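Asks: To start, I am sharing the structure in question, which I have written as structure tokens.
The values are calculated or read from the model by the stated rules, or taken from the named source; none is laboratory data. This one's a predicted model, so the numbers in the text were calculated from it and none came from an experiment. Please note: Cβ atoms are built from the backbone with ideal geometry, for glycine as well, and neighbour counts cover all protein chains shown.
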Amino acid sequence: MRFDFSMTPDPSEDAERLILSGERAITRAMTRAQQQLKGRWRSLISAGGLGRRLANTVRGEAYPKGRQSLNAAALVYVRPNRGTDASAATVVDAHARGALIRSKAGFYLAIPIAEVGKMRAAGNKRITPLGWEQKTGRKLRFVYRKGRPALLVDDGVSKARSLNDPVTWNRSGKPRRARRTVPVFVLLPQARLRAKFDLDRPAEEMAAQLPTLIAAEWRD
């Protein structure tokens, strides 16, 4: 005597469907998570006063690319640049955590006054004392002030000013000669940059929402 047993439907087929549903749900949830976190980071950076251009350096990726997986993961990061200036990632991190800024050479930090800060040096770089002298054709003078930050000032020279020099260009649009000493840069041994936003909190909040996102994407 022989007995044959079979199960309908085949449990292996059910298991396979569950695995496929899980792969799809987890992969989609990770994609949504990185998109939402990327958007929140960009909004925080822009609202923190760093501008839309720097905010747009935030990127997001979901892995593995091109297929679904139960081990899907997501990465949100600030894209580093290839220029000689500080990386976008370094700038964003400094504003997110706060930083103590010192000159690399151990000298002063030259902070331009508001109007001078709008000027650009050659190559569209930030204005520096050397760049200012090259742009205006004038020499800056160091002024020590006891108990207060030192200055680099423009004493004025005999030649007329130009539109490239917002410090002494009057509103009438006519060039004039300097009649007094004008501060151009404030010199500081160091400067503390306060934190302007928190990128860790939204990342932690998004991680806590992953089970909800996965459940929302699950389809039998």
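Asks: Looking at this structure, is VAL182 at pLDDT below 85 and β-branched (Val, Ile, Thr)?
Replies: No.
Asks: Kindly establish whether GLY51 is of a type in the set (Gly, Ala, Ser), under 24 Å from SER87 (Cα atoms) and at pLDDT below 95.
Replies: Spelling it out, GLY51 is indeed of a type in the set (Gly, Ala, Ser), under 24 Å from SER87 (Cα atoms) and at pLDDT below 95.
Asks: Would you call PRO64 closer than 30 Å to GLY22 by Cβ and exposed (fewer than 15 other Cβ atoms within 10 Å of the Cβ)?
Replies: Taking the combined requirement at face value, the residue satisfies it.
Asks: I've got another one for you. Taking the stretch 39-55 as the search range and keeping residues that are surrounded by 14 or more Cβ atoms within 10 Å (Cβ to Cβ) and not small (Gly, Ala, Ser), which one is farthest from VAL92 (Cα to Cα)?
Replies: ARG40
Asks: For ALA114, indicate whether it is under 24 Å from GLY131 (Cα atoms), without any contact (Cβ under 8 Å) to a residue 24 or more places away in the chain and hydrophobic (A, V, I, L, M, F, W, C).
Replies: yes
Asks: Can I ask one more? Can you tell me how many residues in the stretch 102-126 are assigned to a strand (DSSP E or B), modelled with pLDDT under 85 and under 22 Å from PRO189 (Cα atoms)?
Replies: Residues in the stretch 102-126 being assigned to a strand (DSSP E or B), modelled with pLDDT under 85 and under 22 Å from PRO189 (Cα atoms): 2 in total.
Conditions (1) within 20 Å of LEU193 (Cβ to Cβ); (2) in contact (Cβ under 8 Å) with a residue 12 or more places away in the chain, marked per residue:
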| site | (1), (2) |
| --- | --- |
| ILE26 | no, yes |
| THR31 | no, yes |
| LEU37 | no, yes |
| TRP41 | yes, yes |
| GLY51 | yes, no |
| ALA55 | yes, yes |
| VAL58 | yes, yes |
| GLY66 | no, no |
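Asks: Residue check: is THR212 in the same structural domain as LEU18 (by TED's automatic domain parsing) and modelled with pLDDT of 85 or more?
Replies: yes
Asks: In addition: Taking the condition more than 10 Å from the chain's Cα centre (by Cα), under 30 Å from GLN134 (Cβ atoms) and not hydrophobic (A, V, I, L, M, F, W, C), does ASN81 pass?
Replies: yes
Asks: Out of all the residues in the stretch 19-31, is one or more buried (at least 20 other Cβ atoms within 10 Å of the Cβ), at pLDDT 95 or above, within 10 Å of the chain's Cα centre (by Cα) and under 14 Å from VAL76 (Cα atoms)?
Replies: Scanning the stretch 19-31 turns up no residue that is buried (at least 20 other Cβ atoms within 10 Å of the Cβ), at pLDDT 95 or above, within 10 Å of the chain's Cα centre (by Cα) and under 14 Å from VAL76 (Cα atoms).
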